[in-house]
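Since every read-out is calculated from the coordinates, none of them should be taken as a lab result. Since we're looking at a predicted model, the values are computed, not measured. Cβ atoms come from the backbone with ideal geometry, glycine included; neighbour counts cover every protein chain shown.
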């Protein structure tokens, strides 16, 4: 997902009427949300984790997806895409109860 899609999903999930309300929910300034939307800034790890918690997805994936958007070359894009896919698989397996079990 793209940053704007994550932001819009949080607004929809929480029933927030504006980016001002979204900013309060994410504990950032309205200007910061505007910067997220126009690509001037990407969400840091704390905001990404908060978005993930609200949406029920791994916040690390939210962060990795943001880094994909900011990647300056194909090597960076490939690196963050790989990270994002690994988080997706790990989170899905966690939800389904797959993977190593510790007794």
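Annotations for the structure displayed:
- Simple spin-label estimate for residue 8 and residue 81 gives 2.3 nm between the two label positions (7 Å along the Cα-to-Cβ direction from each Cα).
- Highest average packing first - 78-85, 47-54, 59-66, 10-17, Cβ atoms within 10 Å: 59-66, 47-54, 78-85, 10-17
- Gyration tensor verdict on the range 3-93 (Cα atoms; rounded if a/c is under 1.5, prolate if a/b is larger than b/c, oblate otherwise): oblate
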